[in-house]
Amino acid sequence: MSMRKQWLIFIFCIYTISVAGQDSSGNKSSTPSTAIDTAAIRKDSLAKVKALLIIRQQQEQLAKWNKYPFTKNPFLKFNDPVKVVATKRTWQGKEGLFYAAIGLIIFFALVKNNFSRYLVDLFRLFFRSTMKQRQIKEQMMEAPLPSLLFNLFFILSGSLFLNLLFQNYHLGTDYPFWLLFLYTLGGLSAMYFVKFVSLKLCGWLFRLADATNSYTFIVFTTNKIVGIALLPFIILLSFSSGMLYRISLTLSIIVVAILFTYRFFLSYNAVHKQVRIDFFHFLLYLLAFEIAPLLLINKLLLDFLR
């Protein structure tokens, strides 16, 4: 029994020594990797700390140099000045509208001061405040230059007014202001040029030159009045907001509608005196050659500007 116990103790000691050797060898193999990881972390931390210190030193040095012209200035001295960095802001003002409105006012003032008699005759003839209508009409037809200038003023003011309407209904927002203004100017000019040529051609074909001339004269006379009437509304729509803007927009549309309705009334009276035409046929003409083209142009504008 004593020999067996001795063998058991001997085997147990050998097993214990082998297990301890394996543990010590495992610790020896893992210790270097752990030490390497710890050293890398310490090195990275030290690098970050050094970088932060350098950045802080640079900021302090920069702040010192920024304060130097104020603290060491013999003429102006400030106690602990603070530098504030302002961010760049983009501003979208109404410079285009301002210059366009000012140019329109100057153009109207020049034409009015140079052809004031023509302007007075224009209002007297349109609103029929005198009995010498035929004489005034002949005088106005013998003055082509002021007629051309007032027609040009209507084209300019009408184009600017349409631009403001487009902005109100968020149409053509992808186009710059001046480009959209040029498109509107060209479209309005082309529309009335085609209308003028068509009326002259119809008068020549159907031998109704006197009737078409009277109708054309009334159309362009109304346009001149509309251009002048739109001027104050353009100023209000350009630089107002809120309730005043909505009132100005509504009144401008009402005034234009009243003037064009009055133009239809004058046209029917002038044409009816020279050509026997019923009101129904004249209404068909208005629907076919006045309202239908406007609706078509409106549809094309909506498709183009959206």
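Below are the figures for this structure:
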| read-out | value |
| --- | --- |
| Area of E95 that stays accessible when all protein chains are in place (1.4 Å probe, Å², to 10) | 100 Å² |
| Percent of Cα pairs exceeding the 17 Å cut-off, where the set is segment 122-161 | 42 percent |
| Trypsin sites (Lys or Arg not before Pro) within segment 227-304, DSSP loop, no more than 15 other Cβ atoms inside 10 Å | R276 |
| Total formal charge among the other residues, if their Cβ is under 14 angstrom from that of I155, Lys/Arg +1 and Asp/Glu -1 | +2 |
| Sequence ranges 220-233, 200-213, ranked by mean other-Cβ count within 10 angstrom, highest first | 220-233, 200-213 |
| Accessible-area order (highest first, 1.4 angstrom probe) of the listed residues S147, S238, S45 | S45, S147, S238 |
| Cα shape, segment 175-227, gyration tensor, a/c 1.5 rule | oblate |
| Relative contact order computed over segment 125-265 (Cα-Cα under 8 Å; 6+ residues apart), in percent | 27 percent |
| Cross-link table K224/K299; K137/K299; K200/K224; K112/K299; K273/K299; K94/K137, entries beyond 29 Å C-alpha to C-alpha | K137/K299; K112/K299; K273/K299; K94/K137 |
| Size of charge dipole - segment 109-201 - debye, nearest 20, with Cβ of Lys, Arg +1 and Asp, Glu -1, no other charges | 500 debye |
| Residue-span extension gain [L251 to R56] - 0.36 nm each, minus C-alpha spacing | 63.8 nm |
| Net charge over other residues, Cβ less than 14 angstrom from the Cβ of E290 (K, R count +1; D, E count -1) | +2 |
| Three-way shape label, segment 112-233, alpha-carbon gyration tensor, a/c 1.5 | oblate |
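The values are calculated or read from the model by the stated rules, or taken from the named source; none is laboratory data. Everything quoted here is computed from the prediction, not taken from an experiment. Note: ideal-geometry Cβ built from the backbone for every residue, glycine included; neighbour counts use all protein chains shown. Note: areas computed on protein heavy atoms with side chains; ligands, DNA, RNA excluded. Shrake-Rupley method; radii C 1.70, N 1.55, O 1.52, S 1.80 Å.
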